[in-house]
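Below is one structure, written out as structure tokens; comments come after it.
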Amino acid sequence: MATIREIAELAGVSRGTVDRVLNGRGNVRKETEDKIRSIAKAVNYRPNRAGIVLAAQKKNIRLGVVVFGYNNPFFDKVLNGVREKSEELRCYNCTVTVRRVGVDAGEQLSAIDELAKEGIHGLAIAPGNDDRIRRKIDELAENGIPCVTLNTDIENSRRIAYVGSNYLESGRIAAGLMRIITSGPVHVGIIAGSERILCHTQRIAGFTSQLRAASPGITVADIVYNGDDEIESYNRTAAMLQAHPEINALYFAAAGVYGGCRALTDAGRSGVVRVVTHDAVDTTVRLLNEGVISATICQHPELQGSLPLDLLFSFLTTGERPAREINYVDSEIRIRENI
């Protein structure tokens, strides 16, 4: 098995440079880093696992987590996964700090900067799809702080991996469910969180493209955004139902399901309008059991919380990038009979 010294000789650099690259400590030119990683892979370099544990305990690794929603119950479940993995990593002297923010990019940037000042070595983040956040992730990468995106991705950034749903696919699944549970001319109202969140726009894109391809009898009457807020969801859904009395199906592409379904019930149209949602938070389960919601599509939130920390810790202690850049969780359909 090759050693760090042998890799250094092949790359024409010092052992310290190889050590910084393989242990994710940054401050190495990208061309040099790529060369070293390529050589390490070619010679099948494998770090000493016992040494990794000892090194991790000495490093006092700090990981940061930034997720949406002060009152978003889906992210409560994501954070259950974060807490479980944090407990596991604590024995390696690894600590995890969490920040919950709104969908505003400024809030995310402030949270990231706060964590960077606290000395984090890696970041797991559910990012808004904003150029400022993309540049911040790239800046962190330049400074040797790797990022893993969770739940929603950000395009063309230097994050090392993504963990979450395939949202185009889950949108297509929702369209398929809508086709199965409806008949005749169908007019769908779509309620989503934010146009600035990639996973929300991707779900809608998957949903609408699948309708066009396979369900010409189903049309979209309107799309509204609720900021993942239950009160706003109630108000926007109520206004949409009043403006479009032809609506006989609703698709909730993000949070705000409870508020939107309350508006549906208050309008006296519960059970008449078919409803497809995502996730299985407590209120959604209750509405599913009551027959207000027809089906919901789940996406393993606890795994979305735990796996990013696992990937970051492994990268920071071994220098090895994740085996897969894209780590999709399974989409699972739940109805009243199997919830």
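The values are calculated or read from the model by the stated rules, or taken from the named source; none is laboratory data. Predicted model, so just to flag it, every value in this text is computed and none were measured. Note that each Cβ is placed from the backbone with ideal geometry, even for glycine, and that neighbours are counted across all protein chains shown. Note: areas computed on protein heavy atoms with side chains; ligands, DNA, RNA excluded. Shrake-Rupley method; radii C 1.70, N 1.55, O 1.52, S 1.80 Å.
Values for this structure:
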| item | result |
| --- | --- |
| Members of region 206-226 that are assigned to a helix (DSSP H, G or I), open to solvent by 10 Å² or more (accessible area, probe 1.4 Å) and in contact with a helix residue (DSSP H, G or I) (Cβ under 6 Å, 6 or more places away or on another chain) | GLN210 |
| Breaking point among (1) closer than 26 Å to ASP104 by Cα; (2) modelled with pLDDT of 95 or more; (3) not in a strand (DSSP E or B), for VAL285 | (1) |
| Which numbered condition ASN235 fails, given (1) surrounded by fewer than 19 Cβ atoms within 10 Å (Cβ to Cβ); (2) touching a residue at least 60 places away in the same chain (Cβ under 8 Å); (3) not β-branched (Val, Ile, Thr) | (2) |
| From LEU123, LEU115, residue being within 13 Å of GLY64 (Cα to Cα) and part of a helix (DSSP H, G or I) | LEU115 |
| Residues of region 68-106 satisfying the condition of being in contact with a Lys or Arg (Cβ under 9 Å, 6 or more places away or on another chain), part of a helix (DSSP H, G or I) and buried (at least 16 other Cβ atoms within 10 Å of the Cβ) | PHE75, LEU79, ALA105 |
| Pick from region 314-328, criterion modelled with pLDDT of 95 or more and either under 22 Å from GLY69 (Cα atoms) or not β-branched (Val, Ile, Thr) (or both), ranking: most open to solvent (accessible area, probe 1.4 Å) | TYR328 |
